[in-house]
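Below is one structure, written out as structure tokens; comments come after it.
Please treat every number below as a calculation from the coordinates, not as lab data. Being a predicted model, the structure only gives us computed values, none of them experimental. Reconstructed Cβ throughout: ideal geometry from the backbone, glycine too, with neighbour counts over all protein chains shown.
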Amino acid sequence: MEKQLKIDFEKIIKNSKFSKKDIEHKENNLNKFIESGFPNRKLENWKFSDISQIIKKNIGDLSFYNDYSSSNKVDSSVFVDGLDHNKIVFINGRIEKIDFKYEEKDNIEILDDFELKDNLSNVNSLTNLNNAFKNKHCKIIINENYSLKKPLIIYHTTNNQIKSKNINLRLDFLLKKNSSISLIDIFNDTSKKNFINIFCNFELHQDSILKNYKIDKLENNNIKYCYNNIEQDTNSISETFILSSGSKFIKNEINCNLNGKYSSAFINGIFSLKDQNHHEIRSNINHLIDNTKSYQLIKSVLENESKSVYQGKIFVNSKAQKTDGYQLSKAILLSDTSEFNAKPELEIYADDVKCSHGSASGSLNEDSIFYLMSRGLNYKEAKELLINGFLLDVVEKITHNEIKNLIKNMIGLKE
Amino acid sequence: MREKQIEKLKDYKYGFSTDIENFKAPKGLNEDVIKFISNIKKEPKWLLEWRLKAFERLKVLKEPNWQKPKYPKIDYQDLYYYSAPKNFKEKPKSLNELDPKLLETYKKLGIPLQEQKRLNGIAVDAVFDSVSVATTFKEKLTEKGVIFCSISEAIQNHPDLVKKYLGTVIPLTDHFFATLNSAVFTDGSFVYIPPKVRCPMELSTYFRINASDTGQFERTLIIADKGSYVSYLEGCTAPMRDENQLHAANVELVALEDAEIKYSTVQNWYPGDKDGKGGIYNFVTKRGLCKENNSKISWTQVETGSAITWKYPSCILKGDNSVGEFYSIAITNNHQKADTGTKMIHLGKNTKSKIISKGISAGFSDMTYRGLVDVFPKAINSRNYTQCDSLLMGNKCGAHTVPYIKNKNSKSNIAHEATTSKISEEQMHYCQQRGLNSEEAVGLIVNGFCKEVLQQLPMEFAVEAQKLVGISLEGSVG
């Protein structure tokens, strides 16, 4: 792999115009990645999902060079109907379209060449990979007191032109004081056997609101890793919803630093898996100052030989008195071969806090099925109704009504 | 007057050391020392080979470093691996032959060794540094066919049993400290309960580290044969010393069909002084195997001592319908650190496990609950319930929960919950309004918090544990 990495890296440097400083930064990261390789189960955070093995088994040899010089045709059939929205379209890792047609132009800035304050360089070896091989990366700035009128949808599309490739993306968002954005990430993959590595950084200034909905619904056999870093200032709110369903493997990681008083973070997630899919959500919420709040709710429905993993950590440092932290994960296993693993972790150094977590897993409640069947439903209907209700609970937490309905339709949930 | 009393209680009550002449193995860890230990204990050849095999393995093993409390590197060559009171080459036949100083020590500790003083009818095996000094109530137990003796005696008198079960629950190659123990273990207790016998009394072992620079490596093996029942208690103390001492014990429990073992520990090793100097490193491996159907193993522990506690009493639920339980109170104060919890491995059908863990941290201490519940695909209809609550006193201490939950079949249920809280102003106010001072109020509230676990202890121990809970937290409020 090392040889391949070096060859591909040379190609990228040759074909793109990076500044000398950038090249140096990239080289540093490449060397770090070569040294540590893909994360494996020896690392605590990767204990349940050995990505090094997963890539080896499902993809084999990866290549890291992508030709970004020619543009791809934007296929408008993947766009979401019935919801007016702004768009950013990525095709095979290249930005093809940025369209903020519903917004006031002077309140949104898009930078694609800026000094990167790199606070994400030491997360894990995948950051190094990302830093070394990412192409351009943009930063979207939303001005003070401006709320986006329509949601922004980011389409992550890949098509059959790529195979066994590694794609690295990086996006930064800065929400200035009292601004807000609703952001939907939609994955549309028709490609096979690629490893997609996405890093996002969100900076939330005072009173700003971020709503981020990540939807991985379409069935595909790509391997994905998404890392979101969220820095929150006073009174800011972040809401993250993850629908984890289509990919062969996806690990969503959310690191949230509650730096300002009265800031709050909400993470809701659904795993709806079948076949041999293996998905993971790992959250890390750091309560760094007093009077902050976090809430997490993760539910899984697992069929066939699928496997879901939830690793959630609440960290409360000694200054963070009056913290309110809550975490709940539930799983329904529908098959004898499915598996649910959880590691809900608390690390607390302050005494005046309210922190709790719960985790439960098991089969569908036979009594409930009996109750429904005695009222005329057949077994299949009863089962569907129960699962519907189980998942609806999470979807109802979505605070943006239009998006809530969109997601309900996507999963096929009924009220 | 009251203050004086508190002052006295604050100090570690068992901190005295006994001035007794010791017979030690040469310092250091090498093949010769292992041979020396084996030789002095007149062990059969297979056991020496077993020890040497463990030592070979030890050479390639590394000390684990995933645990939360970090400790300075231990120099294993700078320890004595065998220490015994002099004149102890031959074990005394009766208590009359015992060194009076030893009897005195145990009297100070409140352990009734003299059989005539059978106050509470508990059979005691006392382990002083590396050797077992006395076992009481022998005849009564022999009558029932119960074997309760030191493991060295068992190796001499019941080699078949020892050979059959030793290392079956904790294999030689398990992890660094378990393997170290396998190589150099010196003494410990051995219990065998024959089929269909309900052990007539509580069995108890009392461990004491006396000599300095000594590591205590005891090995306990308890076998409950078909349909039997035993309740076993363990208590530990050590004198106050400035240096850290290592205690790395292995405890193996085997429950056969329909058998039940109840294992209770009140661990009160010297925790170090207020600034965290000295104290025992308590790195213990405890594991029970529910080998056959309908067996049950229940662990209860009250952990108040030691500078660093690091233990995970575990149950391997191999037999169908077997039950594992774990009740724990861990209290840390000053600079103590504890990383404790359990593992419940569900292998058999219809297996059940229950975990209740209460952690209390005060001062500058750190408390971690670390547990694993692993339900295997074949363990259908298994159930687990876990509850771990932490109580924090002050914002200099930490309380952490790290549970690992693995469910690999659809017919099992696992439920886990955890909370972290502090003693509320309202609770304190309520108690103080009714005439309790703040120390008493805290004691009362903490005892209420721990009640679920304290109830699981045998009566005599429960009283002692309750007192211990109060003493451990003295000086942590106000």
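State to the nearest 20 debye the size of the charge dipole of chain A about its Cα centre, where the only charges are +1 on K and R beta carbons and -1 on D and E beta carbons. Let's see the in-between values first.
Numbers: 58 positive and 56 negative charges, 169 e Å.
In debye, rounded to 20, chain A gives about 820.
Looking at segment B:429-467, which trypsin sites (Lys or Arg not before Pro) are DSSP coil and have at most 11 other C-beta atoms within 10 Å of their C-beta?
In loop regions of segment B:429-467 (DSSP not H, G, I, E or B), the sparsely surrounded trypsin sites (Lys or Arg not before Pro) are B:Arg434.
Rounded to the nearest 500, what is the 222 nm mean residue ellipticity of chain A from helices alone, with -39500 (n - 2.57) per DSSP H run of 4+ residues and division by all residues?
-6500 deg cm²/dmol
Using a 10 Å cut-off on Cβ to Cβ distances, tally the other chain neighbours for every residue of B:293-305 and report the average as a whole number. Walk me through the numbers on the way to the answer.
Working: counts 0, 0, 0, 0, 0, 0, 0, 0, 0, 0, 0, 0, 0.
Whole-number average of other-chain Cβ neighbours for B:293-305 is 0.
Return the average number of partner chain Cβ atoms within 10 angstrom of each residue Cβ along peptide A:333-342. Kindly include the intermediate steps, with their values, before the conclusion.
Details: counts 7, 1, 2, 7, 4, 5, 7, 7, 6, 8.
Neighbouring Cβ atoms belonging to other protein chains average 5 per residue here.
Taking a cut-off of 20 Å between Cα atoms, list the lysines near A:Lys21, but don't count ones fewer than 8 places away on the same chain.
A:Lys6, A:Lys11, A:Lys32, A:Lys117, A:Lys134, A:Lys136, A:Lys139
Tell me, what is the FRET efficiency for A:Ile13 and B:Asn157 to the nearest 0.05, using R0 = 56 angstrom and their Cβ-Cβ distance as r?
Values: r = 77 Å, r/R0 = 1.37.
Result of the calculation: an efficiency of 0.15.
Need one number: nm distance between label points at B:Glu49 and A:Glu35, each 7 Å from Cα along Cα→Cβ, rounded to one decimal.
Rounded to a tenth, the inter-label distance reads 4.8 nm.
How far is it, in nm, from the label point at B:Lys274 to the one at A:Arg375 when both lie 7 Å from their Cα along the line to the Cβ?
6.5
Using a cut-off of 11 Å between beta-carbons, work out the net charge of the residues near B:Ser298 (Lys and Arg +1, Asp and Glu -1, B:Ser298 not included). All intermediate terms of the calculation are to be shown ahead of the outcome.
Working: positive: B:Lys262, B:Lys296, B:Lys354; negative: B:Glu260, B:Glu325.
Here the count lands on +1.
Past 32 Å, Cα to Cα, is the threshold; run B:Lys138/B:Lys277; B:Lys35/B:Lys144; B:Lys62/B:Lys406 against it and keep the listed order. The partial results should precede the final answer.
Numbers: B:Lys138/B:Lys277 40 Å; B:Lys35/B:Lys144 36 Å; B:Lys62/B:Lys406 27 Å.
Beyond 32 Å between Cα atoms: B:Lys138/B:Lys277; B:Lys35/B:Lys144.
Pick out the long, greasy-scoring helices in chain A: whole DSSP H runs spanning 18 Å or more along their own axis by Cα, mean Kyte-Doolittle at least 0.0.
Details: long enough: A:2-15 (20 Å, -0.93); A:20-36 (24 Å, -1.68); A:379-395 (24 Å, 0.54).
Flagged H segments are A:379-395.
Pick from A:Asp216, A:Asp336, A:Asp324: which residue has the top mean-square fluctuation in a GNM of chain A where Cα pairs under 10 Å get a spring?
A:Asp336
Can you give the FRET efficiency for A:Asp67 and B:Lys164, using 1/(1 + (r/R0)^6), R0 = 56 Å, r = Cβ-Cβ distance, to the nearest 0.05? Please list the in-between numbers first.
Numbers: r = 68 Å, r/R0 = 1.22.
Plugging the Cβ-Cβ distance into 1/(1 + (r/R0)^6) gives 0.25.
Which values of log₁₀ I(q)/I(0), to two decimal places, follow from the Debye formula for the protein assembly as shown at q = 0.04, 0.06, 0.07, 0.10 Å⁻¹ with a uniform point scatterer at every Cα?
-0.22, -0.48, -0.65, -1.14
Go through A:Ser318, A:Val301, A:Tyr225 and say which Cα lies farthest out towards the positive end of the charge dipole of chain A; charges sit on Cβ, +1 for Lys and Arg, -1 for Asp and Glu.
Selected residue: A:Tyr225.
Please give the net charge around A:Asn58, taking every other residue with its beta carbon less than 13 angstrom from that of A:Asn58, where Lys and Arg add +1 and Asp and Glu add -1. Don't skip to the answer; put the middle values down first.
Values: positive: A:Lys56, A:Lys57, A:Lys163, A:Lys192, A:Lys193, A:Lys224, A:Lys248; negative: A:Asp50, A:Asp61, A:Asp275.
Spelling it out: positives minus negatives among the neighbours equals +4.
Under 1.5 on a/c is rounded, so check that first for chain A, then, if it is not, pick prolate when a/b is larger than b/c and oblate when it is not; a ≥ b ≥ c are the square roots of the alpha carbon gyration tensor eigenvalues.
On the way: a/c = 1.42, a/b = 1.25, b/c = 1.14.
Because its axes are fairly even, with a/c under 1.5, chain A counts as rounded.
Restricting things to alpha carbons, find the Rg to Rh ratio for segment A:132-255 using the Kirkwood radius for Rh. Show your work: numbers first, answer last.
Details: Rg = 15.1 Å, Rh = 15.1 Å.
Result: Rg/Rh = 1.00.
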